[in-house]
Amino acid sequence: MTKIPLKYGTATLTCDLPGARVLRPATIASPPSPRELIASALAAPIASPPLEAIVRPGENVVIVTSDITRYTGSEHYLPLLVERLNACGVLDKEIAVVIALGIHRKQSEAEQLKILGSLFGRIAVFDHDCDDPAQLVDLGVTATGIPVRINRRVAEADRVIVTGTAGFHYFAGFGGGRKGLVPGVAARETCMATHFSVFNPPEVGGKHPLAKTGILDGNPVHTALLEAARMVRCDFLLNTVLAPDKQILGVFCGELDAAHRAACELAREFYTVPLEQPADLAVVSCGGHPKDINFIQSQKAFDYGVQALRPGGTLILLAACPDGFGNPTFFDWFRYQDLDTFEAALRARYEINGQTAHATLSKARQYRVILVSGFSAEQTTAMGMEKAADLDAALELAKAGLSTSPRIVVIPDGGTVLPEVKS
């Protein structure tokens, strides 16, 4: 068997497991160039007039785009959006890019350069700050009681264009779309309140059964996010769908929800991989940098990867995590090692990072997880996992608990591929 390359941070490891099945996205013919895809989508928006019929000369336009942890192809589409806006009579000085950090850290100048590409230094760029009251505007309360506070620059713009990429999300169903606004440019309390919808009512307890990967309809988190996002006037959406190598496979423009759903359908078609039987062992790479830049990002590959396993199966997760956990409060939640106590603490003081930590520990209790990362053995154990120094050591540890003829899968792009065991 040919050795399988697996990305780990900026390095590439190799895995040789005879008989293993490699789970990859569907193959697709070479797509048109990014410029052609973007131009075509802009010319035929979904459930929306084209930009030329929306934007007027002299209006102030804000373009919202994702931070460095979510590559979207922004260096391709942002210049083309600005080109279109210029053609509508909007000057460079009337355009600003707001980076949708949500509750993430601010971006460095080098990271802003990667996001803006040729626009860097030409178009004003601002990092959202979810904790700065001066940057936030109160838009009211949703029907379900969620307070909506949004970045002032976004809320007060004449026109708002939201951009991003559509891909699986472990409890909102899919990323992209409405998430560019909420949590992207929302206040911390708005982010927390929408994401708290992941839980059933207290009298029921536990996580809502439809708050899961790949589901939008009936997903209470998606419903909360969309309702909050609709309180911001979003004039136009652009979402990409990307290949694991970051090549743009598709571009969808138009109305906030309709265009996003079209993007989600392509992502679902491309990244769902059926399995006839669950595996005993899954070897999963997040896909390398930036998908394993921190554990909060790496957790996506963990969540998707265990869906290939039988109950109690073993997962080896390759996640370099050079930025550590991704948020200083994330690891603190592992002081709760009893899951019921953990859930009660989350209901009392909800944090998105706590939700991710709870999901991590919950899955680590259902499966055997061997983590290859920069974390210490103590940190790894607190997350319910076993530490391995490298991939070879992880494979040796895994073999000790396997039968003589185990079913094995290898997932080189675990941050995007969703295994689906046929029932």
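Rounded, prolate or oblate: which fits region 130-201 when a ≥ b ≥ c are the square roots of the eigenvalues of the alpha-carbon gyration tensor, with rounded for a/c under 1.5 and prolate only if a/b beats b/c?
In terms of gyration-tensor shape, oblate.
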### Message
Can you compute the label reach from Gln277? Point 7 Å from Cα along the Cβ direction, backbone N cut-off under 12 Å, restricted to region 304-327.
### Response
310
### Query
Within straight cross-link reach of Lys93, meaning Cα distance under 25 Å, which lysines are found once same-chain residues fewer than 8 apart are removed?
Lys106, Lys114
### Query
Which angle from 0 to 90°, rounded to the nearest 10, does the C-alpha axis of helix 74-87 make with the longest principal axis of the chain?
10 degrees
### Query
Roughly how many Å² of Lys246 are accessible to a 1.4 Å probe, to the nearest 10?
80 Å²
### Accessible surface, 1.4 Å probe, highest first, among residues Glu255, Glu52, Glu203, Glu59
Glu203, Glu52, Glu255, Glu59
### Message
For region 260-372, what does the relative contact order come out to in percent, with C-alpha contacts under 8 Å and a separation of six or more?
### Response
29 percent
### Message
Explain nothing, just the number: dipole magnitude of region 321-367 about its Cα centre with +1 on each Lys and Arg Cβ and -1 on each Asp and Glu Cβ, in debye rounded to the nearest 20.
### Response
80 debye
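Would you please give the FRET efficiency between Asp332 and Glu189, computed as 1/(1 + (r/R0)^6) with r the Cβ-Cβ distance and R0 = 30 Å, to the nearest 0.05?
Details: r = 19 Å, r/R0 = 0.64.
That gives a FRET efficiency of 0.95.
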### Query
Based on the Cβ-Cβ distance from Thr341 to Arg122, what FRET efficiency comes out when R0 is 41 Å, to the nearest 0.05?
0.20
#### Entry: Probe 1.4 Å, protein heavy atoms only - accessible area per residue of the chain in square angstrom
39 Å²
### Query
What shape does the chain take by its C-alpha gyration tensor, where a ≥ b ≥ c are the square roots of the eigenvalues and a/c under 1.5 counts as rounded, a/b above b/c as prolate, and the rest as oblate?
prolate
#### Entry: Per-peptide average of other Cβ atoms within 10 Å, ordering 361-367, 292-298 highest first
292-298, 361-367
### Task
Would you list, by chain and number, the lysines whose Cα falls below 24 Å from the Cα of Lys3, excluding same-chain residues fewer than 8 positions away?
Lys246, Lys291, Lys387, Lys399
### Sorted peptide list for 173-185, 300-312, criterion being average Cβ within 10 angstrom, highest first
173-185, 300-312
#### Entry: Nearest-ten-degree value, helix 220-229 long axis tilted from longest Cα axis of the chain
20 degrees
### Message
Considering only C-alpha atoms, what is the centroid distance from region 331-352 to region 99-119, in Å?
### Response
31 Å
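Just to verify a number: FRET efficiency for Ser405 and Asp92, C-beta to C-beta distance, R0 = 56 Å, to 0.05?
0.30
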### Task
Using a 1.4 Å probe and counting only protein heavy atoms, arrange Ile95, Ile68 so the residue with the most accessible area comes first.
Ile68, Ile95
### Query
How would you order 322-332, 217-227 from highest to lowest mean count of nearby Cβ atoms within 10 Å?
217-227, 322-332
#### Entry: Reach of Lys207 by Cα under 15 Å, taken over aspartates and glutamates that are not fewer than 8 positions away in the same chain
Asp303, Asp340, Glu343, Glu351
### Message
For the full complex of protein chains and a 1.4 angstrom probe, list Glu94, Glu75, Glu83, Glu156 by accessible area with the highest value first.
### Response
Glu156, Glu83, Glu75, Glu94
### region 200-260-region 274-323 distance, computed between alpha-carbon centres (Å)
22 Å
### Task
Along Cα→Cβ, 7 Å out, is where each label goes; now give me the distance between the ones at Ser362 and Glu36 in nm to one decimal.
4.5 nm
### Message
Let me make sure I get this right: for region 57-172, a, b and c are the square roots of the gyration tensor eigenvalues over alpha carbons, sorted descending. Under 1.5 in a/c it's rounded, otherwise prolate if a/b > b/c, else oblate. Which is it?
### Response
oblate
#### Entry: Under 5 Å, built H, 5+ apart or other chain: amide partners of Val369
Leu315, Glu386
### Task
Find out how many positive minus negative residues lie around Arg149, taking Lys and Arg as positive, Asp and Glu as negative, among other residues whose Cβ is under 14 Å from that of Arg149.
-3
### Query
How much net charge surrounds Gly176 when only other residues with a Cβ under 13 Å from its Cβ are counted (Lys, Arg +1; Asp, Glu -1)?
+3
### Query
So, with a 1.4 angstrom probe, what is the percent of accessible area on the chain that is carbon and sulfur?
54 percent
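The values are calculated or read from the model by the stated rules, or taken from the named source; none is laboratory data. Only a predicted model underlies this, so the values are computations on that prediction, with no experimental measurement involved. Every residue, glycine as well, gets a Cβ built from its backbone with ideal geometry; the counts of neighbours run over all protein chains shown. With ligands, DNA and RNA removed, areas are computed over all heavy atoms of the protein, side chains included. Shrake-Rupley method; radii C 1.70, N 1.55, O 1.52, S 1.80 Å.
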